[in-house]
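The values are calculated or read from the model by the stated rules, or taken from the named source; none is laboratory data. Just so it is clear, the model here is predicted, and its values are computed rather than measured. Because the Cβ atoms are built from the backbone with ideal geometry, glycine has one as well, and the counts that use them run over all protein chains shown. Please note that ligands, DNA and RNA were not included when accessible areas were found on the heavy atoms of the full protein model with its side chains. Shrake-Rupley method; radii C 1.70, N 1.55, O 1.52, S 1.80 Å.
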Amino acid sequence: MKTKLLLASFFSFVFMASANAITIRELILKTKPDRTPTMNEVPVPDVNVIGNAVVVDFAEETKDVFILVTDDETGQVLHQEVLSVDKNTTLYIDLDTSLSTKYNVDVETDFDSVYSQFSL
């Protein structure tokens, strides 16, 4: 009886863990049409979607970064920020409160202006 109870507990734990699994997706960033890609010393940050959050990873110190997340269907601004970051900085933008399914993320520096579209 204890064995059956233990097995049932184990399988229910595995089922709950897999149901709550968080997906990680790397976004492919494109250069905005009005900008020319540059080969500069400051690389474009990596942008991923982890669960319901946009995660921006900066490998190098970057000054005056403009980040904008919008609802693709309505154009509503969900997050807007201008910041300077140190080397190896990660920025989390939680989108739990929004009801949209399609989003745009724009990342602009003095050197590059990139964007990507994604859905949750």
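Brief remarks on what is shown
- Of the GluC sites (Glu not before Pro) found in segment 52-120, the ones in coil according to DSSP and having at most 11 other Cβ atoms within 10 Å of their Cβ are Glu73.
- Under 10 Å, Cβ to Cβ, from Asp110 - net charge with Lys/Arg +1 and Asp/Glu -1: -2
- Under 12 Å, Cβ to Cβ, from Val85 - net charge with Lys/Arg +1 and Asp/Glu -1: -4
- Probe 1.4 Å - accessible area at Asp64, Å² to nearest ten: 90
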